[in-house]
Amino acid sequence: MNDEPDISRRGIMLVLSSPSGAGKTTLTRNLLEKENIEYPGKLELSISATTRVKRPSEIDGTHYYFVNKAKFESMRDHGELLEWAEVHGNYYGTPREPVERALSEGRDVLFDIDWQGTQQLRSKMPDDVVTIFVLPPSAPDLKSRLVRRAEDSAEVIAQRLRNAAEEFQHWNEYDYVLVNRDLQKSFERLRAILTAERLKRVKMPNLNVFVEKLLAELKALTP
Ligand code: 5GP
């Protein structure tokens, strides 16, 4: 048996939450890049729909599906979203269909969503969801990362800092917590979590076939 992710298994929903500026987006991007080199096509990012204004560096369909409020409400009301929430005064939601397809085909899906969305996913799909909360090492560090990103106005940054306090309070609802002092270390820990979750017995449905083969081999060897 090889130790590659088993295509016959159901995928994992790996959910990352944190206040804006804790480094979650970089961790997410690095994880996708590295995983796709080692296990091509086994991990994909869930691309959310949002009513937020697109930042200059963002690409529609890659970072988000940028939609207006009417379109978002129509998606929501037609059951096309697995979860949705209002964050920083904008709507964000997870399109249902790509996630369900990926999971049923044995691919893992990475989510960058807030605590409200995480609660909804956990209550809808408790057997599939693994949750990770990313904390910044300090509040000044959080602020300086938001300022350094230089893609949001001073007013937006101030609002995000105010909202961080509420987001922080949900850290203890998550399975794992990463304090992002050192990006490389946090990244290694994030990969370790994904690897361990993939190796859970319940995630390997073909294991009994392998063990039966082992037993047959053992019997043949036993005088
Ligand atoms: P940003 O505007 O900085 O891209 O994201 C703001 C917040 O919205 C982040 O905390 C991010 O995790 C969250 N978010 C992004 N997409 C979704 C989504 O589909 N659902 C929920 N509930 N939150 C989301």
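Does PHE187 meet the test of being at pLDDT 95 or above, under 16 Å from ILE132 (Cβ atoms) and under 20 Å from the mean Cα position of the chain (by Cα)?
yes
Conditions: (1) closer than 28 Å to ASN180 by Cβ; (2) more than 9 Å from the ligand (Cβ to nearest atom); (3) hydroxyl-bearing (Ser, Thr, Tyr). THR118 meets all but one. Number of the miss?
(2)
Scan the stretch 69-114 residue by residue and report those that are within 14 Å of the chain's Cα centre (by Cα) and within 8 Å of the ligand (Cβ to nearest atom).
Matches in the stretch 69-114: GLU83, GLY93, THR94, PHE111, ASP112, ILE113, ASP114.
Mind listing whichever residues of the stretch 8-59 are of a type in the set (A, V, I, L, M), more than 9 Å from the ligand (Cβ to nearest atom) and within 11 Å of the chain's Cα centre (by Cα)?
Once the filter is applied, which keeps residues that are of a type in the set (A, V, I, L, M), more than 9 Å from the ligand (Cβ to nearest atom) and within 11 Å of the chain's Cα centre (by Cα), the stretch 8-59 yields ILE12, MET13, LEU14, VAL15, LEU27, LEU31, LEU32, LEU43, LEU45.
ASP114 fails exactly one of the following numbered conditions: (1) surrounded by fewer than 19 Cβ atoms within 10 Å (Cβ to Cβ); (2) among the charged types (D, E, K, R); (3) touching a residue at least 40 places away in the same chain (Cβ under 8 Å). What is the number of that condition?
If we test ASP114 against (1) surrounded by fewer than 19 Cβ atoms within 10 Å (Cβ to Cβ); (2) among the charged types (D, E, K, R); (3) touching a residue at least 40 places away in the same chain (Cβ under 8 Å), just (1) comes out false.
Does LEU27 qualify as being surrounded by fewer than 18 Cβ atoms within 10 Å (Cβ to Cβ), of a type outside the set (S, T, N, Q) and either modelled with pLDDT of 95 or more or not in a loop (DSSP other than H, G, I, E, B) (or both)?
Working: surrounded by fewer than 18 Cβ atoms within 10 Å (Cβ to Cβ): no; of a type outside the set (S, T, N, Q): yes; either modelled with pLDDT of 95 or more or not in a loop (DSSP other than H, G, I, E, B) (or both): yes.
Judged against the criteria, LEU27 is not a match.
The values are calculated or read from the model by the stated rules, or taken from the named source; none is laboratory data. The shown structure was predicted, so the numbers you read here are calculated from the model rather than taken from an experiment. Positions of Cβ are backbone-derived with ideal geometry, glycine not excepted, and every protein chain shown enters the neighbour counts.
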